[in-house]
1. For chain B, what's the relative contact order in percent, using C-alpha pairs closer than 8 Å and at least 6 residues apart?
2. Label B:Glu39 and A:Lys153 with points 7 Å out from Cα along Cα→Cβ: what is the distance between them in nm?
3. In terms of the ratio Rg/(2.2 N^0.38 Å) built on C-alpha atoms, what value belongs to the protein assembly as shown?
4. Taking other Cβ within 10 Å of each residue's Cβ, how do A:Asp16, B:Asp32 sort, fewest first?
5. From the cross-link list A:Lys10/A:Lys138; A:Lys131/B:Lys56; A:Lys141/B:Lys30, which pairs have alpha carbons spaced over 20 Å apart?
6. Per DSSP H run of n ≥ 4, the term is -39500 (n - 2.57); total these for chain B, divide by its residue number, and report the mean residue ellipticity at 222 nm rounded to 500 deg cm²/dmol.
7. Please give the average number of partner chain Cβ atoms lying within 10 Å of the Cβ of each residue in B:31-38, rounded to a whole number.
8. Would you work out if chain B is rounded, prolate or oblate? Take a ≥ b ≥ c from the square roots of the eigenvalues of the alpha-carbon gyration tensor; rounded if a/c is under 1.5, else prolate when a/b is larger than b/c, oblate otherwise.
Amino acid sequence: MVKIFQHTFKYEYNWDSVTLAFWLRYPNPFASHVESVDVIDRYVDPNTGVLRTTRLILKRGVLPKWGRGTQTMITLTKNITHARLMQVEEWQTFRVDPNNREFTQVKTEARVISNFGWGLTDRVEGFGIKKFADSATKSRKGMSHVLEMIREKQLLRGRGFLTT
Amino acid sequence: MSQSIGRSCDELKKEYDTCFNKWYSEKFLKGDLRPECEEIFKQYRDCVLNAVKNKKIDKLLGEARKDDPFSSVTENK
């Protein structure tokens, strides 16, 4: 059994900023449950010029996740513990908004698969989808917070207040 | 900046993240794909993999990394 959640969202920031924010997104005030973020693999594929990254994210209470990204920024995040009870796979695609190059479109698709059995599968999946929708809202708030910080820093730098 | 899974790796992580963020925004996004930060990444990564082992999640991580979910995505391009 599989349940699917789909969502499209627009950040009013350009693609460069949004993808940088994806790397910088933790810590932020909307993600106090995130304990650690580590890059365990990262390289530019010499044939395609695609940047590939594997990250390990430790979350309190919930589940560790990992994500990888390529160009146009496609990311996959999935839990590696409790995967038999419930496997959540979140795919995200970050693209330049076709109507405004200064904005970024994000398409999210999540698949929740449970093998719990005893007639509980459906309820576990329903719970997974609801939980996912809630945390997706939180995660957007966190990204927006980081993006605002990046914008401020760029403005300051543009005015010559920052030298770094 | 976020913390590392291994508290003893925090300093290395900070140094690596700073290096990567600078490279990503100033080089990679502008089309310069030549790798940088490799020496510090090696040190940081070794520290993290060690911590992963100590926390006994190395097997889980190995399992999760077996499939290559992006191969089809990249081939389609």
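No value in this document is a laboratory result; all are computed from the given coordinates. From a predicted model like this one, the values you see are computed outputs, not experimental measurements. Note that we place each Cβ from the backbone using ideal geometry, even for glycine, and neighbour counts take in every protein chain shown.
1. 34 percent
2. Between B:Glu39 and A:Lys153, the simple spin-label model gives 2.4 nm.
3. 1.03
4. B:Asp32, A:Asp16
5. Violating the 20 Å Cα-Cα cut-off are A:Lys131/B:Lys56; A:Lys141/B:Lys30.
6. -18500 deg cm²/dmol
7. Across the residues of B:31-38, the mean count of other-chain Cβ atoms within 10 Å is 2.
8. Oblate, since a/c reaches 1.5 and b/c is not below a/b.
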